[in-house]
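**Student:** Can you keep this structure in mind? I'll have questions shortly.
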Amino acid sequence: MTAAGAASRLVGQVLEIEFPSFVPRITFNSESQLTVEILSGENTGFTDTVDYEAIAIGDGLVILSWQEHIGSTIVHVLDLNANAAHTFVPADKEAFMQLNDRIKLKGAT
């Protein structure tokens with residue numbers, strides 16, 4: 001699957017990832033733009049609509065990345081077959097968060 005194919009597969013999808021400390025909802029608005037909302041936990045109520053990149057790296061495996069307007073860079077490795085997310089976020093200049101949890105597909109918007 002090409003990068004465009006990976007993005008096309010995601011358009012209209014809504015993912016929720018239940019990390020231990022927060023739950024983000026990711027809504028894929030188009031092949032280039034998504035909205036992230038924090039539903040619960042740390043930073044509840046945060047929302048941002050940003051441009052993203054999605055690159056297929058294998059069957060059902062997608063690297064998803066974006067930069068939020070507050071400057072945070074988010075990188076997910078999504079296993080869409082196993083409904084698993086492996087997420088990497090630099091928390092600040094000295095910390096780096098690595099999170100792994102399940103994806104809940106909420107269906108198309």
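**Student:** Per 0.36 nm of contour for each residue apart, how much would the distance between PHE88 and ILE70 grow if the chain were fully extended, relative to their Cα-Cα spacing? Each step should come with its number before you reach the end.
**Tutor:** Values: separation 18, 0.36 × 18 = 6.48 nm, distance 1.64 nm.
Between PHE88 and ILE70, full extension yields 4.8 nm more.
**Student:** Report for the chain the percent antiparallel among DSSP-assigned beta bridges with both residues inside it, nearest 5. List each step's numbers first, then the result.
**Tutor:** Numbers: 44 of 44 bridges.
Rounded to the nearest five, the antiparallel share is 100 percent.
**Student:** Additional query: Taking θ = phi - 60°, what integer Hz values does the Karplus form 6.51 cos²θ - 1.76 cosθ + 1.60 yield along segment 66-75, in sequence order, with x for Gly and Pro?
**Tutor:** The phi angles translate into 7, 10, 6, 5, 7, x, 5, 9, 10, 10 Hz.
**Student:** May I ask you to give the solvent-accessible area per residue for the chain, in square angstrom, as obtained with a 1.4 angstrom probe?
**Tutor:** I get 54 Å² per residue for this part.
**Student:** Leaving ligands, DNA and RNA out of it, report the carbon-plus-sulfur percent of the accessible area of the chain at a 1.4 Å probe.
**Tutor:** 51
**Student:** Report relative contact order for the chain in percent, whole number only (criteria: Cα-Cα under 8 Å, sequence separation at least 6).
**Tutor:** Details: 263 pairs, mean separation 27.0, N = 109.
Once divided by the residue count of the chain, the mean separation gives 25 percent.
**Student:** Cα extents of the chain along the three principal axes, largest first, in whole Å?
**Tutor:** Projected onto its principal axes, the Cα set of the chain covers 35, 25, 23 Å.
**Student:** Now for a separate question. Within the set of other residues whose C-beta is less than 14 Å from the C-beta of ASP79, count the net charge using Lys and Arg as +1 and Asp and Glu as -1.
**Tutor:** My count for the surroundings of ASP79 gives +1.
**Student:** Please list, ordered by chain and number, the residues whose modelled amide H lies under 5 Å from the amide H of ILE103; skip anything fewer than 5 residues away on the same chain.
**Tutor:** Here ALA84, ALA85 satisfy the definition.
**Student:** Please name which of LEU10, VAL75, ILE63 has its Cα lying farthest along the dipole of the chain towards the positive end, using unit charges on Cβ (Lys, Arg +1; Asp, Glu -1) and the Cα centre as origin.
**Tutor:** LEU10
**Student:** How far, in nm, would the chain grow between ILE63 and GLU42 when pulled straight, counting 0.36 nm per residue and subtracting the alpha carbon separation?
**Tutor:** 5.2 nm
**Student:** Moving to a separate point now. With r as the distance between the Cβ atoms of GLN33 and MET97 and R0 = 25 Å, compute the FRET efficiency 1/(1 + (r/R0)^6) and round to 0.05.
**Tutor:** It comes to 0.55.
The values are calculated or read from the model by the stated rules, or taken from the named source; none is laboratory data. Bear in mind that the values here come from a model prediction, so they are computed numbers and not experimental data. Note that we place each Cβ from the backbone using ideal geometry, even for glycine, and neighbour counts take in every protein chain shown. Accessible surface areas use protein heavy atoms only, side chains included; no ligands, DNA or RNA. Shrake-Rupley method; radii C 1.70, N 1.55, O 1.52, S 1.80 Å.
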